[in-house]
Amino acid sequence: MRPIFAAVFLIWAAVAAPASMVGESLVRIEATGQSPDYKAPWNPGSVESGVGTGFVIAGDRILTNAHVVSNARFLTVSKEGDSRPYSARVLHIAHDCDLAMLAVDAPEFFNGTTALEFGGIPAIESTVSVYGYPIGGTRLSVTRGIVSRIDFQAYSHSGMDSHLTIQIDAAINPGNSGGPVLQKGKVVGVAFQGYSGDVAQNVGYMIPTPVVLRFLQDVEDGRYDRYMDLALTYEPLFNPAARKALGVTQDDRGVLVGRVYAGGSSEGHIREGDVLLSIDGLPISSDGSIPLDSDRVPFTEIVERKFKGDSVAIELLRDNRTLQVTVPLANPWPFVLQSNLYDEKPRYLVFGGLVFQPVNKDFMEAHSPGAAKLKYLFEYFIEDGIHRTKPELAVLGSILPDSVNSYAEDFRYEVVSKINGQAMRDLADVARALEEKHEFHTIEFEGNGRPLVLEAKAVADSRARIKQRYGIASEKNL
């Protein structure tokens, strides 16, 4: 055998041996989903299909990414070496950390499978192996990479949440998602997103085991409660002059609280301008890091590992006094409005050809409204405390042209403030107000002194006509 062929054979053998063992745990997932239509919310949406990866864990369960099975209408799974499809269903799904757990009701599916065990966080510069079915393939693929960074990163599935993430120099391609990342025979992460092209070359990310194990512990009671959050911003305290002005000792401890968001966990316990010194007894460095698990991580990692109903002990400096406060973790991250939504049908109300919808990220991306006022209200919904008096923004999203609404075009993308003199807090309020008996319905909008007036009888006469013309099966989904 020539030397070059011998080298290739040795490399193949090194990968193939563990791959054959992991193959007993690997699952190929085929998902048929339906994406909502936020421009015509009464439509069922387009049907799409995709392939992802999962793996067997203890209890005859399958772990994968949430984005593999989001909006799924039909799921099938198959095993390596056995192409027969088995129907599967979602047991639990966590969109904020991109994880999901599947069940297969046919117990014979798990015959011959081996549940994978979990390891810890791999060391920087150590080697890991990524298993999956990239680019829709039907045979197991294995790639190897070096752990290059352990950090907090944004999770693209929700578009809002950030958690602990591990970066590796192995490509994560479509189909790899949900596959196990192994080191020394144990799962150290779940492959979930990557970069390619001009952004970066051969850079992939995996969800590390602290996030995975938290998800598994959260669903032990039969439901998923989401991540808790302090709901505040903070700034590092490097400047000696700023530290002296705030009365902070020069021991490289403390971060300055910027914003405390209304409705979040910290409200009423932590104030803007406080200096956070420690969390659960661990000193917070001036860069916001703490010592944890033989490494330095952002102090928010302590809260990341907590659950609904837990609390966190904070030592802080306020007005030159050191205080000990306990923050109960009862509320999840309050920015759900600005996260991607899944597994939910769009909510709407059609009234006289006017389509009222709640504003969220999916609505904004579908409509791309140019209305500056709406963009501001959406962007600063939490920042300005708008959610205190208006839990959601009900907007006139679309107009189905008809004689009954001939003069309504100027009000498109306006946020409803009052109907018939009553303040509107959400879409349900809009529906109730428009169901009341009035000869005319007067609709007022935020910051617009000119109301929209509709004649109730004309609206009633238009209902059947508009439904038939635009193929609307139901006039509302609240």
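Distant-in-sequence amide contacts of LEU277, defined by a placed amide H-H separation under 5 Å and a gap of 5 or more residues or a different chain, comprise GLU315, LEU316, LEU317. Highest average first, the peptides 168-176, 252-260, 218-226 ordered by how many other beta carbon atoms sit within 10 Å of their residues are 168-176, 252-260, 218-226. The alpha-carbon positions of the chain define a convex hull whose volume is 196 Å³ per residue. Can you work out the FRET efficiency for the pair GLU436 and ALA371, with r the C-beta to C-beta distance and R0 = 22 Å, to the nearest 0.05? Rounded to the nearest 0.05, the efficiency is 0.20.
FRET efficiency for the pair GLU455 and ARG89, taken as 1/(1 + (r/R0)^6) with r the Cβ-Cβ distance and R0 = 45 Å, rounds to 0.40.
Helices in the chain, meaning DSSP H runs of at least 4 residues, each add -39500 (n - 2.57). Divided by all residues, the mean residue ellipticity at 222 nm is -5000 deg cm²/dmol.
Here the extension length gained between VAL47 and THR32 equals 4.7 nm, from 0.36 nm per residue of separation less the Cα-Cα distance. Pairs spanning more than 21 Å between alpha-carbon atoms, out of LYS308/LYS361; LYS373/LYS437; LYS390/LYS457; LYS39/LYS476: LYS308/LYS361; LYS373/LYS437; LYS390/LYS457.
Where in the stretch 359-394 is the amide nitrogen less than 14 Å from a point lying 7 Å along the Cα-to-Cβ axis of SER417? Label zone hits: 373-374, 377, 390, 394. What you get for the stretch 347-477, charging only the Cβ of Lys and Arg (+1) and of Asp and Glu (-1), is a dipole of about 280 debye around the Cα centre. Applying both filters, DSSP loop and at most 13 other Cβ atoms within 10 Å, to the trypsin sites (Lys or Arg not before Pro) of the stretch 95-175 gives ARG139. Across the stretch 232-328, Cα pairs under 8 Å and at least six residues apart give a relative contact order of 25 percent.
Normalised by the number of residues in the chain, the average gap of Cα pairs under 8 Å and 6 or more apart makes the relative contact order 11 percent. With the Kirkwood sum run over all distinct C-alpha pairs, the stretch 322-401 has a hydrodynamic radius of 14.6 Å.
Only Cα pairs under 8 Å and 6+ residues apart enter the sum, and on that basis the relative contact order of the stretch 347-477 stands at 29 percent.
Here the spin labels are modelled as points 7 Å beyond Cα on the Cα-Cβ line, and at ILE146 and GLU235 they lie 3.8 nm apart. Between ASP310 and GLN153, the FRET efficiency estimated from the beta carbon spacing at R0 = 22 angstrom works out to 0.35.
Cross-link partners of LYS467 among aspartates and glutamates, defined as those whose alpha carbon lies under 15 angstrom from its own and excluding same-chain residues fewer than eight positions apart: ASP402, GLU475.
Bear in mind these aren't lab numbers, they're just calculated from the coordinates by the rules spelled out. Being a predicted model, the structure only gives us computed values, none of them experimental. Quick reminder, even Gly has a Cβ in these numbers, built from the backbone with ideal geometry, and neighbours come from all protein chains shown.
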